[in-house]
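Each remark here refers to the structure printed beneath this line.
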Amino acid sequence: MLASLRAAVEATPEDIPLRLHFAEVLAAAGARADAVRQAGAVLQRDPENLRALRLITGGAVAAGSAMPDGPRAENDDVEILRSLESELTDVLPPMYVDPEAGGPAACDVESPGLRLADVAGMGEVKARLEAGVLAPMRHPEFTRLYGRSLNGGLLLYGPPGCGKTFIARALAGEMKARFVAVSLADVLDVYLGQSERNIREIFELARRRAPCVVFMDEIDALGQKRGHLRSGSARGTVNQLLSEMDGMSSNEGVYVIGATNHPWDVDVALRRPGRFDRMQLVLPPDAPARAAVLRYHLRGRPIANVDVHKLAELTDGYSGADLACICDGAAEHTLLDSVRSGAPRMIEMEDLLKAVREVKPSIDAWLATARNVAQFSNEGGSYDDLLVYLRRRGLA
């Protein structure tokens, strides 16, 4: 029976109830070490599973003890596992044994509640994501029929402050996938070889928690062109990233999204098919999106006689970050005015118009660089979308 259960678990490793049953049978048969390993594998996939915790602790966690006075504390599992560290070191990933350690243990696995419907405007971006990513995922029978795979990656590029991270979270929510945000600080390390190890462990974490979206912000810094790198360790980091994205290990259920303001600085090997094989330009918000962003940043503030649609018309070419700065600037003017007069007043249209005059679009410097790239370095038509936008604005 144990051999049959073991074969079934190996055939369907993501079947948590089956693995739990196998662990309980092992414990009843006296094979405690094997039972702990199976329970640990369950906790890798479901960190809050009480049955697995009871198996590991020998029944120390009662069904109701996890939340005696209210909601269960986030660190309950961690405290229990710390007390059994010597027993679990070879079973659980470092993320659960020592969450205060450096490296990828600092990467949080989230379950974003956002959807693409929460992203205001950007109809063209949504349509491209629907066709290229979501439609194959929602129709797996057609995906299998035509041999289509979701492995690979999507590179979001565009001027700063235009919502690339927000779109990545919304896409993960639409895919009902977990979300791992990776920053440069999560990867780079002063010790030789540790940066490569961090990248490997981040991808291993994503594979264990599949379906999972790995979001790499500022990918141009992490995956910079190797010809521009003087450090051998930096080139090794890029090589490790190439290797992980190339599917040397199974990346089934792992989708990688990169974001950058400077895609022309990303190593060309990262942009070949199978890695970041899709590029999507994320432009400054259009008029409906600007109105929605302004409403969002004005919520909860005392406003009177504010016409967000007029403000949206006046802020063509402003990024989402610029619009937030306008709202903050108007609030600051009103606050200082209220301090001087000794009586609070509402934020009015004139305050916002004054802030618009003071805040200049932050994307102008980016557009100057992007124009040169789109006009003179557009190999293979990679930046055709960018060229269309520049022509529409009379910049090319």
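No lab work stands behind these numbers, since they all come straight from the coordinates. Everything quoted here is computed from the prediction, not taken from an experiment. Positions of Cβ are generated from backbone atoms using ideal geometry, with glycine treated the same way; all protein chains shown enter the neighbour counts.
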Between I303 and residues 5 or more places away or on another chain, the pairs with built amide H atoms under 5 Å apart involve I347
For G258, the residues 5 or more places away or on another chain with a placed amide H closer than 5 Å to its own amide H are L154, L155, L156, M216
Expressed in Å to one decimal, the Kirkwood Rh of the range 324-367 from all distinct alpha-carbon pairs is 11.2
Counting all Cα-Cα pairs in the range 239-286, those more than 18 Å apart amount in percent to 34
Looking at this model, which pairs from K126/K164; K126/K360; K164/K354 are more than 24 angstrom apart at the alpha-carbon? K126/K360; K164/K354
Diffing the range 264-277: the Karplus 3J(HN,Hα) column from phi (6.51, -1.76, 1.60, θ = phi - 60°), in whole Hz with x for Gly and Pro, holds 5, 9, 7, 4, 4, 5, 6, 9, 7, x, x, 10, 7, 8
Per residue and in Å³, how big is the convex hull formed by the alpha-carbon atoms of the range 161-289? 106
What are the extents of the Cα atoms of the range 330-396 along their three principal axes, in Å, largest first? 62, 17, 15
Could you compute the FRET efficiency for D118 and R278, with r as their C-beta to C-beta distance and R0 at 25 Å, rounded to 0.05? 0.70
So what J values fall out for the range 179-190 if you push phi through Karplus, 6.51 cos²θ - 1.76 cosθ + 1.60 with θ = phi - 60°, rounded to Hz, Gly and Pro as x? 10, 10, 8, 10, 10, 4, 5, 6, 10, 5, 9, 6
Let me know the charge dipole size of the range 134-228 about its Cα centre in debye, to the nearest 20, where only the beta-carbon of Lys, Arg (+1) and Asp, Glu (-1) is charged. 400
Around D189, which amide H atoms from residues at least 5 apart in sequence, or from another chain, sit under 5 Å from its own amide H, with H modelled in the peptide plane? S195
Compute the Rg to Rh ratio over the range 169-230 from the alpha carbon atoms, using the Kirkwood formula for Rh, and round to two decimal places. 1.03
Rounded to the nearest 0.05, FRET efficiency between E10 and Y296 (Cβ-Cβ, R0 45 Å) equals 0.40
Kirkwood-based Rg over Rh for the range 277-395 (C-alpha set), two decimals? 1.11
